[in-house]
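Here's the structure, in structure tokens; my notes come after.
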Amino acid sequence: MKLTTLGCHSASPREKARTTAQLLEMRGHLFLIDCGEGTQMALRQSSTKFARIKHIFISHLHGDHFYGLAGLISTFQLQGREAELHIHAPKGAKEAMLLLLKVSGAHMVFPLHFHELESQESEVIFEDDKLSVTTIPLDHRIYANGFFFKEKNKERKLNVDAVQTLGIDVCYYQNIKNGKDVILDSGERIPNEMLSFPPAPPKSYAFCSDTLYHPEIVPIIKGVQVLYHESTFLEDNRALAERTKHSTALQAAQIAKAAEAQTLILGHYSSRYKDKRVFQDEAKTLFTNTLLSEDGKEFNFE
């Protein structure tokens, strides 16, 4: 699982402070999460192949998470894209994008599918045989969701030495990987645990965008491997965080601890803080394994 931070700052984009956008590479998928202004420039700098992006997830329709989408769609069109594109975003995104494309005279040459979100409850919005994506309802000034990406259980690993020693025919190998026992010609049942090894635990990633401290999300993301949680402010501006419906670094750590996350990544920093390390310092008082997102930074998780 690879996470690339394309932008991690709040409000308006600046020369060295891009607004929110992330790339998540997971089980063969390349997902784009949020699309603030300048996202396509950040994608170019990361040497991303645009055609690999088939699904875009937009948390909410504030400009620093959404305004780069029209430009990116336009670039896809100019490149002669043929692959379909799915956009999962709050209701209103389709109307806004289609209007912009219409007034600019754009002629779409690839299938563009909008999946508009409006439920206040957590729901599965994408699923295949490898993973699922579930919404995380947030508490912000407008309708907003985070997204929980979770692998499905993988096959068990074949114990080659064991199956060869017992002379088990290759036709049984897939059943063994699926967790089934094997019955020999003699009638003896060989437990699956003797013939295979457990698969690696499924990877998971939770993206929690702009939100007031909202412990109601904890049951949805319980046991998550990696949690990204906004930390616009520090505790010295907790009142401002509450007024604007954002979170502090310490509150992000509280969510990570309650959810029993393995790793916490902070982001969406206010420009009032000149040194981002203060966010990490505050969160680490409660949750030790805290990392900082940086524009262009890559994280690899085994």
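The values are calculated or read from the model by the stated rules, or taken from the named source; none is laboratory data. These numbers come from a predicted model, not from an experiment. Cβ atoms come from the backbone with ideal geometry, glycine included; neighbour counts cover every protein chain shown. Note: accessible area is taken over every heavy atom of the protein model, side chains too, but ligands, DNA and RNA are not part of it. Shrake-Rupley method; radii C 1.70, N 1.55, O 1.52, S 1.80 Å.
Conditions first: (1) surrounded by 14 or more Cβ atoms within 10 Å (Cβ to Cβ); (2) in contact (Cβ under 8 Å) with a residue 40 or more places away in the chain. Residue 45 passes all but one, so which condition is the exception?
(1)
Would you pick out the residues in the range 48-65 that are open to solvent by less than 10 Å² (accessible area, probe 1.4 Å) and without any contact (Cβ under 8 Å) to a residue 40 or more places away in the chain?
Residues satisfying the conditions are 53, 56, 58.
Within the range 103-125, how many residues turn out to be more than 26 Å from residue 203 (Cα to Cα), of a type in the set (Val, Ile, Thr) and surrounded by 13 or more Cβ atoms within 10 Å (Cβ to Cβ)?
Summing the residues that are more than 26 Å from residue 203 (Cα to Cα), of a type in the set (Val, Ile, Thr) and surrounded by 13 or more Cβ atoms within 10 Å (Cβ to Cβ) in the range 103-125 gives 1.
What residue, among those in the range 175-211 that are outside any helix (DSSP H, G or I), in contact with an Asp or Glu (Cβ under 7 Å, 6 or more places away or on another chain) and among the charged types (D, E, K, R), is most open to solvent (accessible area, probe 1.4 Å)?
For the range 175-211, the residue satisfying everything is 189.
Would you mind stating whether residue 100 is farther than 21 Å from residue 229 by Cβ, open to solvent by less than 10 Å² (accessible area, probe 1.4 Å) and either among the basic types (Lys, Arg) or in contact (Cβ under 8 Å) with a residue 24 or more places away in the chain (or both)?
no
When both residues are 6+ apart or on different chains and their Cβ atoms are under 7 Å apart, which pairs have a first residue that lies in the range 126-147 and is open to solvent by 20 Å² or more (accessible area, probe 1.4 Å), and a second that is part of a strand (DSSP E or B) and basic (Lys, Arg)?
Sorted first by the residue in the range 126-147, then by its partner, the pairs are 132/150.
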